[in-house]
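To keep things clear, I will list the structure first and then write my remarks on it.
The values are calculated or read from the model by the stated rules, or taken from the named source; none is laboratory data. Here the structure is a predicted model, which is why all the values come from computation and not from measurement. All Cβ positions, even for glycine, are placed from backbone atoms using ideal geometry, and neighbour counts span all protein chains on display. Remember, those area values only see protein heavy atoms, side chains included, never the ligands or the DNA or RNA. Shrake-Rupley method; radii C 1.70, N 1.55, O 1.52, S 1.80 Å.
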Amino acid sequence: MRALVLAGGVVLHAVNVYIATTILPTVVQDIGGLGLYAWNTTLFVVASILGSALSPKLLEVTGPKGSYGLAAFIFAVGAVICAAAPSMSILLFGRFVQGIGGGFLFALAYAMIRIVFDEPLWPRAMALVSAMWGVATLLGPAVGGVFAQWGMWRAAFWSVALIAIVFAVLASGVLPKRERQTGVAAKGAIPLVQLTLLTLSVLAISAGSASSELIQNVLGLVLALVLAVVLIAVERRSHNKLLPSGAFQFRSAIAALYALMSLLVLTVTSGEVFAPLFLQVLHQQSPLIAGYLAALMGAGWTVGAIISSGLLSDSAIKRAILAGPVLGLLGMVGLVILVPTSSSGLWFDLVPICLALAMIGLGVGLAWPHLLTRVLKSVVPEEQELAGASITTIQLFATAAGAALAGMIANAGGLIDPGGVEGTSRAAYYLFGCFLLAPLVGIIVARNCRV
């Protein structure tokens, strides 16, 4: 039961992701803010990074019951702000508050896996947590799509707030008391400097993406790269680490694992953020159907994780890891060809797009449990707790950076100017075309590095 409660925190976080991406086109029609479209994902995920990094301290101070309860309460407060938002700026603030609570919940689930389960069960435990995204693919688009079609997008956020409160009550009833969690929480100081630089680098990309002007895009990317270089320099000199040793050493096992994880997440994020919009504008789909079609990547991820979690031989695991970027590349090629061309949205138009979306998620799911397990095994024992926390940091950072880059490319490609069907078609072509590089580089990393 406790394992299901831990996984439930991921469900709450993930359901909100799919609800938001499904209703966002309707939100923009009501309160405006198309140029800030990708900011909804970016700010939510950036805040989730901060929440995940602070989660060990929260666990140390308040214990399992208190930490889950507080995390769910913060999440609910953010949802209420979104529900009442009169403008996009207020809604973005609510998304940031939601992200803090979601980051707490997300990280607590992963951080406690190595405590709750024996090492041979880690892959299955990772698969269980990852499989919760499958639950989200069923609930998220349904909640968001129904409320969007009814013109009641605010009610979607009210429902999320209610679910968060119910979850907090459930968690407080089954999780152990604080005195039974001795040694779980991290005792070191929080790497605030690195976290600040990480956050600013993502926000720099997002700031550059707010305009379709090339010069602003370039300045945002340059600033992000400068901040990333400073981050690496600070991390190497600091005794208070954000990531385990070797994370920034070329050709180290942990660096290769982080790189491949990030590239796989980038591939998924490019579709998850904008697919509902593209499907509604270019392929005549309702918010409900568009939400479910975009969620096929999440469903594929879940199926792949379940299939892959039982693999034991090293050769089979290596093939599963390589399958991640290979299937991602094939799926992205399909999206580049199929999505930008507008259609009437009949089944023969949508089935190939669905296959491409599901293929991307399936590839990530096949590789993901083993990448996470190898992260835990590739560090010295005293850094295993840090490695466990780093999983969410890397995944969320890649998601935030991917959303910011996707927003930049889509806006520069024509989403804002000229806009409409023509601009959206161009935006889809440039977006998926540019993100082809992620799985392509991922294949190189998987084949030539020690992953």
- [ ] Answer yes if at least one residue in the stretch 26-36 is open to solvent by less than 30 Å² (accessible area, probe 1.4 Å) and farther than 21 Å from SER206 by Cβ, and no otherwise.
- [x] yes
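Give the residues of the stretch 208-219 that are open to solvent by 50 Å² or more (accessible area, probe 1.4 Å) and either of a type in the set (A, V, I, L, M) or touching a Cys at 6+ places or on another chain (Cβ under 8 Å) (or both), sorted by residue number. So that I can check it myself, show each step before the final result.
In the first step, residues of the stretch 208-219 are kept if they are open to solvent by 50 Å² or more (accessible area, probe 1.4 Å); the result is 213-216, 218-219.
Once the filter is applied, which keeps residues that are open to solvent by 50 Å² or more (accessible area, probe 1.4 Å) and either of a type in the set (A, V, I, L, M) or touching a Cys at 6+ places or on another chain (Cβ under 8 Å) (or both), the stretch 208-219 yields LEU214, ILE215, VAL218, LEU219.
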Open item on the list: Against the conditions (1) open to solvent by 10 Å² or more (accessible area, probe 1.4 Å); (2) modelled with pLDDT of 85 or more, where does ILE19 fall short? Just the number, please.
Closed with: (1)
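Filter the stretch 300-332 for residues that are in a loop (DSSP other than H, G, I, E, B) and of a type outside the set (S, T, N, Q); which is most open to solvent (accessible area, probe 1.4 Å)? Before the answer, list the steps.
Of the stretch 300-332, the ones in a loop (DSSP other than H, G, I, E, B) are 309-313.
Those still in the list that are of a type outside the set (S, T, N, Q) too: 310-312.
Details: GLY310: 39, LEU311: 59, LEU312: 157 Å².
Only one residue tops the list, namely LEU312.
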Open item on the list: Please determine whether any residue of the stretch 288-296 is open to solvent by 20 Å² or more (accessible area, probe 1.4 Å), aromatic (Phe, Trp, Tyr), assigned to a helix (DSSP H, G or I) and within 21 Å of GLY363 (Cβ to Cβ).
Closed with: yes
TODO: Sort through THR62, THR41 and tell me the only one that's open to solvent by 10 Å² or more (accessible area, probe 1.4 Å), within 26 Å of LEU405 (Cα to Cα) and touching a residue at least 12 places away in the same chain (Cβ under 8 Å).
DONE: THR41
Task: Complete set of residues in the stretch 336-389 that are farther than 20 Å from PRO244 by Cβ, in a loop (DSSP other than H, G, I, E, B) and not hydrophobic (A, V, I, L, M, F, W, C) - done: PRO340, THR341, SER342, SER343, SER344, GLY345
TODO: Starting from residues that are in a helix (DSSP H, G or I) and charged (D, E, K, R), keep the ones in the stretch 198-248 and report whichever is farthest from ILE409 (Cα to Cα).
DONE: ARG237
TODO: Look at ALA156 and say whether it is modelled with pLDDT under 90, within 30 Å of ALA275 (Cα to Cα) and either open to solvent by less than 20 Å² (accessible area, probe 1.4 Å) or touching a Gly at 6+ places or on another chain (Cβ under 9 Å) (or both).
DONE: no
TODO: Give just the number: which of (1) at pLDDT below 90; (2) in contact with a Ser or Thr (Cβ under 8 Å, 6 or more places away or on another chain) does LEU227 not satisfy?
DONE: (1)
TODO: Search the stretch 261-280 for residues that are under 15 Å from SER425 (Cα atoms) and pair each with any residue that is polar (S, T, N, Q) and assigned to a helix (DSSP H, G or I) when their beta-carbon atoms are under 7 Å apart and the residues are at least 6 apart or on different chains.
DONE: PRO276/THR21; PRO276/THR22; PHE278/THR424
Open item on the list: Taking the criterion of being modelled with pLDDT under 85, surrounded by 18 or more Cβ atoms within 10 Å (Cβ to Cβ) and in contact with an Asp or Glu (Cβ under 6 Å, 6 or more places away or on another chain), would at least one residue in the stretch 192-201 satisfy it?
Closed with: no
Open item on the list: Here are the criteria: (1) buried (at least 24 other Cβ atoms within 10 Å of the Cβ); (2) more than 24 Å from the chain's Cα centre (by Cα). Tell me which single one LEU335 does not satisfy.
Closed with: (2)
Task: LEU396 being open to solvent by less than 10 Å² (accessible area, probe 1.4 Å) and in contact (Cβ under 8 Å) with a residue 60 or more places away in the chain - done: yes
Open item on the list: Being surrounded by fewer than 24 Cβ atoms within 10 Å (Cβ to Cβ), touching a residue at least 12 places away in the same chain (Cβ under 8 Å), among the small types (Gly, Ala, Ser) and part of a helix (DSSP H, G or I): is that true of GLY414 here?
Closed with: yes
Open item on the list: Can you report the number of residues in the stretch 257-271 which are under 16 Å from ALA136 (Cβ atoms) and crowded, with 24+ Cβ neighbours inside 10 Å?
Closed with: 3
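Looking only at residues that are in contact with a Pro (Cβ under 7 Å, 6 or more places away or on another chain) and open to solvent by 10 Å² or more (accessible area, probe 1.4 Å) in the stretch 427-450, which one is nearest to ILE321 (Cα to Cα)?
ALA446
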